[in-house]
Amino acid sequence: MVRLAAPEITSEDRKQVVSVLEGSQIAYGPTSEKFERAVASRLELGHALAVISGTAALHLALLAVGVKPGDLVLMPSLTFVAPAHAASYIGAAPRFFDSEPNYMQLDVPRLLAWLEHECELDAEGNARTAKGERIGAIVVVDLLGHLSDVGALAERVRPMGIPVVEDAAQALGATLRGEEAGAHADITCLSFNANKIVTSAGGGMLLSNDRGRIKTAQRLANQAKADPRYYVHDAVGFNYRLPSAQAALGLAQFGRLDEIIERKRRMACSYRAALVDVPGLSFTRCAPQATETNWLFTVHVDAASYGCSARRLMDLLEDRHRVETRPIFTPLHAAGVYAGEQAVECPVADRLAATGLSLPSSLGISDEELDRVCEAIRSEAPGG
Ligand SMILES: Cc1ncc(COP(=O)(O)O)c(C=O)c1O
């Protein structure tokens, strides 16, 4: 099977993990902190906290920006489920918004129009809907390795007292106007899950220039322990800190970030060159002044001219050709536990989800495997 996104672990990665395991500090400790400093320095952000998953990072980020039970947390419908789960852990409600069609990111103008139309500032300066729900935060997701324009959003919603959390789990190393993720958000979250650009076998990080917010997250991530010696806990906390043994893997991989992105770029170029003339296939686009990470190389399948839908193609590739592909995320308003949550209409997200198909994008994909994937896609097209 040509896998969708298999991790690549080098002998140097293994050496770094073993060297931590041979010491006594295998839990959260100096290597976790070193990992935090390395990522913070790259993203030019002042403070970071390494945690056990991207989902944990989002949970802590929402708590640290002050999201409360009953709040609304605004986010794109077309995303991995983690931001909606994170809001729900707090007793807040996710409210879903559509994507723009060009780069598949949150449709910022539509969200701003909704805020203007539906919300007013209360006496404390909080934006609230007519029903009285407070807007606790906006989570912007950098989908499929492409940065959203967080700056344009943050500039408009900051005067409304709404914090912006950037979920850059899929976009570590991407740039927009020369800046990496996190340049304009109140807190930025990363994931180091096994299928991500950089992996710690499972892990995440939250980063911010706001020391107070990262301190809050640190305390909550460590069971809200109020005293270094005595077991006194001054809030309901979590056990979320990233063990050093895992941080060692993340840190070793992170040292190769530029090389990883360059290899992914070459993979994307090869896919484009090999598939450009297949009828009914089109590629996702990269915005002007942006660079992307090609986390998962994604095409769109026009069923009428390709001859079958993206879903059908996924089945054919797996059954006949042993090639693993996946649709873009199912819009959260459309199915599953959040279906029926109030969403503004999301026709673009629905369409992108129906046509999108992510192709095998492992760092270690060989030229032969990539050719096999492209040949399989050609062979299923009309006349193929
Ligand atoms: C956009 C996005 N946000 C959050 C997460 C959650 O990260 P984790 O799996 O590390 O909890 C993921 C993926 O896994 C993701 O793709």
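The values are calculated or read from the model by the stated rules, or taken from the named source; none is laboratory data. Remember, it's a predicted structure, so these values are computed and weren't measured experimentally. Because the Cβ atoms are built from the backbone with ideal geometry, glycine has one as well, and the counts that use them run over all protein chains shown. Side chains included, ligands, DNA and RNA excluded: accessible areas come from the protein's heavy atoms. Shrake-Rupley method; radii C 1.70, N 1.55, O 1.52, S 1.80 Å.
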Collect the residues in the stretch 27-53 that are open to solvent by 10 Å² or more (accessible area, probe 1.4 Å) and part of a loop (DSSP other than H, G, I, E, B), keeping them in residue-number order.
ALA27, TYR28, GLU44, LEU45, GLY46, ILE52, SER53
Is there a residue being in a loop (DSSP other than H, G, I, E, B), closer than 20 Å to THR216 by Cβ and within 12 Å of the ligand (Cβ to nearest atom) anywhere in the stretch 77-100?
no
Can ARG37 be described as more than 15 Å from the ligand (Cβ to nearest atom), under 30 Å from ARG372 (Cα atoms) and outside the structural domain of GLY364 (by TED's automatic domain parsing)?
no
Condition test on LEU63, is it open to solvent by 20 Å² or more (accessible area, probe 1.4 Å) and either among the aliphatic types (A, V, I, L, M) or assigned to a loop (DSSP other than H, G, I, E, B) (or both)?
yes
Restricting the stretch 11-26 to residues that are of a type in the set (Val, Ile, Thr) and open to solvent by 40 Å² or more (accessible area, probe 1.4 Å), the one farthest from GLU259 (Cα to Cα) turns out to be ILE26
Can you tell me which of (1) open to solvent by 20 Å² or more (accessible area, probe 1.4 Å); (2) in contact with a helix residue (DSSP H, G or I) (Cβ under 7 Å, 6 or more places away or on another chain); (3) within 16 Å of the ligand (Cβ to nearest atom) is the one ALA247 doesn't meet?
(1)
Going by the conditions given, is LEU281 at pLDDT 95 or above and more than 29 Å from PHE35 (Cα to Cα)?
yes
Pairs only if they're at least six apart or on different chains, beta carbon under 7 angstrom, first in the stretch 320-341 and closer than 16 Å to MET75 by Cα, second aromatic (Phe, Trp, Tyr); list them, first residue then second.
PHE329/PHE80; LEU332/PHE96; LEU332/TYR338; HIS333/PHE96; GLU341/PHE96
Assess whether LEU111 counts as being at pLDDT 95 or above, away from the ligand (no atom under 16 Å from the Cβ) and either touching a Phe, Trp or Tyr at 6+ places or on another chain (Cβ under 6 Å) or not charged (D, E, K, R) (or both).
yes
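Rundown of residues vs (1) charged (D, E, K, R); (2) closer than 12 Å to ALA247 by Cα; (3) modelled with pLDDT of 95 or more, yes/no style:
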| position | (1), (2), (3) |
| --- | --- |
| GLU12 | yes, no, yes |
| SER24 | no, no, no |
| GLU33 | yes, yes, yes |
| ILE52 | no, yes, yes |
| ALA57 | no, no, yes |
| VAL73 | no, no, yes |
| ALA84 | no, no, yes |
